[in-house]
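The values are calculated or read from the model by the stated rules, or taken from the named source; none is laboratory data. No experiment lies behind these values; they were computed from the predicted model shown. A quick note on method: Cβ atoms are made from the backbone with ideal geometry, for glycine too, and the neighbour counts reach across all protein chains shown.
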């Protein structure tokens, strides 16, 4: 067992991953209020939008505006997802601090999701890195290796495939590569094994753990990732994002529960849990009727909580 | 990290812990069908009832009958909860294989729950052990140290209090002492630390981890317990038992999710997940309208599952 360190970074993905996954479009003014509340709670990295064609994802049509709003907060890393060079151009011009590019570890998923082979996607990443180097060299680029723990199309994704993809995107110039359990298929033994292998291959360019709670293992998988040295964790307020099956079967790890787990363990997140709970209000106000999740919000903080 | 071992024991507590926590009383014939399905799924230890006055808990009025039914299955350890000597007498006469005695680690909870100080409860345990030695010496006795990770009445429960109680019940003659997160306040760091301390004090008399999912940490805490050598885990089919706050805020760890986690990790539980899922039908048939939980049942098994 590792000695407990002091801090982890919780990367809030709700305003992008969450809002992109629901049918309704949150009005821009409500997004602002929600982001304000997330910042007030102490979150220091927020994925605020994706740069994609508005006709495909009307929920993200105000991406540049949302970035501009978030940029007012010093100390907050403003991230945007970009699936391709065109999206990256928009994001870089908007002034974001960090791009995240989803790159499937599964060939079948890559072809289905972005209509590109993995090799072609690596070339796209290389082009994005080139553009970044030219017009916004301070911006960081993360590749999020989706379907790293299994794929709903091809089933098993081998460790070798994941390590290969991590090496390719690093060779293409990304600053870090994280592992995403897009499909909720990860288990703690696999999380430990795979993060260790990826770290052996790309060292300190190993990025965040993006776990899903599809089968209830989200926090156990985050714990497993923590055990092998991961210190950045994606999560979504209220578990918004990916509710593919039924009420209660959330996709994303719930930020409130994840922060509670780490804080209870004595690991600092920098997040004020009470204010984090309060950030559910603007989320719900902006998406009336949309179900949100979280066990800690239902149960409340335990007696004796400092 | 430990080398992965081959097996864990899942101790199903639903027919006792679950049924005792709901308002409705499951008819005896339905209990039989549910237990049949649990056995068919491969569960090898089942807490089938508690021996308590029927006027207090009418749900358990058929305890002796339920034990008799469960005893027909070779290879299944039939457990009953007993809060005191009188209950133990009934249970031992019924022919159970194992008794579990709830013993609060928190003095405040002990006084509130069984109207006995912890010291008086230890004397009760001693009397139960004496009775067992006289009339049913092959029966095993487990003390379940409740509120081991925190108490809703007194707040913090110190590690020393838990270790003291573990030593006391072992000195009183129990075969094992497990740790129960009665209040859903445990975190993985605490689970590892406390199980290590208890093991240092009572060695291989250290028993099961009984974790709750109140704040979503149930599986993470089971993983943490596993990491420090715990090999028996209590869980409840459909998370039945303790739904103290709101829909979705289940008490007990969901057997289906726990089995999925271990099996996905390559750790054998002896449980057939498909048959385990099927055991939800007789549970629901016997408790119409009662909500049950579980993420894996909602999501289904992943593609490529062996």
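In region B:25-47, is there at least one residue being under 20 Å from residue B:131 (Cβ atoms), modelled with pLDDT of 95 or more and either within 14 Å of chain A (Cβ to nearest Cβ) or under 17 Å from the mean Cα position of the chain (by Cα) (or both)? Taking every residue of region B:25-47 in turn, at least one turns out to be under 20 Å from residue B:131 (Cβ atoms), modelled with pLDDT of 95 or more and either within 14 Å of chain A (Cβ to nearest Cβ) or under 17 Å from the mean Cα position of the chain (by Cα) (or both). Has region A:232-250 got at least one residue that is at pLDDT 95 or above and at the interface with chain B (Cβ under 10 Å from one of its Cβ atoms)? Looking through region A:232-250, none of the residues is at pLDDT 95 or above and at the interface with chain B (Cβ under 10 Å from one of its Cβ atoms). Considering only residues in region B:183-198 that are part of a helix (DSSP H, G or I) and within 16 Å of residue B:144 (Cβ to Cβ), the one that is nearest to the other protein chains (Cβ to nearest Cβ) turns out to be B:191. Can you tell me which residue is farthest from the other protein chains (Cβ to nearest Cβ) among those in region B:280-306 that are assigned to a loop (DSSP other than H, G, I, E, B), in contact with a strand residue (DSSP E or B) (Cβ under 9 Å, 6 or more places away or on another chain) and surrounded by 15 or more Cβ atoms within 10 Å (Cβ to Cβ)? For region B:280-306, the residue satisfying everything is B:292. Among (1) buried (at least 24 other Cβ atoms within 10 Å of the Cβ); (2) touching a helix residue (DSSP H, G or I) at 6+ places or on another chain (Cβ under 6 Å); (3) facing chain B (nearest Cβ under 9 Å), there is one condition residue A:211 misses while meeting the rest; what is its number? All conditions pass for residue A:211, except number (3).
Selection over region A:260-272 of residues that are outside any loop (DSSP other than H, G, I, E, B) and within 11 Å of another protein chain (Cβ to nearest Cβ) gives a count of 5. With respect to residue A:133, is the statement that it is surrounded by fewer than 24 Cβ atoms within 10 Å (Cβ to Cβ), within 14 Å of another protein chain (Cβ to nearest Cβ) and at pLDDT 95 or above true? No, not satisfied. Please state which one of B:167, B:256 is in a helix (DSSP H, G or I) and either farther than 24 Å from residue B:301 by Cβ or away from chain A (no Cβ under 11 Å) (or both). Of B:167, B:256, the one residue that is in a helix (DSSP H, G or I) and either farther than 24 Å from residue B:301 by Cβ or away from chain A (no Cβ under 11 Å) (or both) is B:167. A count restricted to region B:7-18 and to residues that are in contact with a helix residue (DSSP H, G or I) (Cβ under 8 Å, 6 or more places away or on another chain) and at pLDDT below 95 stands at 1.
Tally time: how many residues in region A:40-75 are part of a helix (DSSP H, G or I) and touching a helix residue (DSSP H, G or I) at 6+ places or on another chain (Cβ under 8 Å)? Here the count works out to 11. Scanning region B:148-164 for residues that are more than 11 Å from chain A (Cβ to nearest Cβ) and surrounded by fewer than 18 Cβ atoms within 10 Å (Cβ to Cβ), which turns out nearest to residue B:137 (Cα to Cα)? For region B:148-164, the residue satisfying everything is B:164.
For region B:32-47, enumerate the residues that are touching a strand residue (DSSP E or B) at 6+ places or on another chain (Cβ under 8 Å) and in contact (Cβ under 8 Å) with a residue 40 or more places away in the chain. B:38, B:43, B:44, B:45, B:47 - these are the residues of region B:32-47 that are touching a strand residue (DSSP E or B) at 6+ places or on another chain (Cβ under 8 Å) and in contact (Cβ under 8 Å) with a residue 40 or more places away in the chain.
Within this structure, residue A:88 passes the test of being farther than 28 Å from residue A:219 by Cβ and either in contact (Cβ under 8 Å) with a residue 40 or more places away in the chain or touching a helix residue (DSSP H, G or I) at 6+ places or on another chain (Cβ under 8 Å) (or both).
Contact annotation: residue pairs with Cβ atoms under 9 Å, 6 or more positions apart or on different chains, pairing a residue in region A:204-219 that is at positive phi with a partner that is part of a strand (DSSP E or B), are A:216/B:254.
The residues of region B:139-164 that are free of Cβ contacts under 8 Å to residues at least 24 places away in the same chain and part of a loop (DSSP other than H, G, I, E, B), listed by number, are B:156, B:158.
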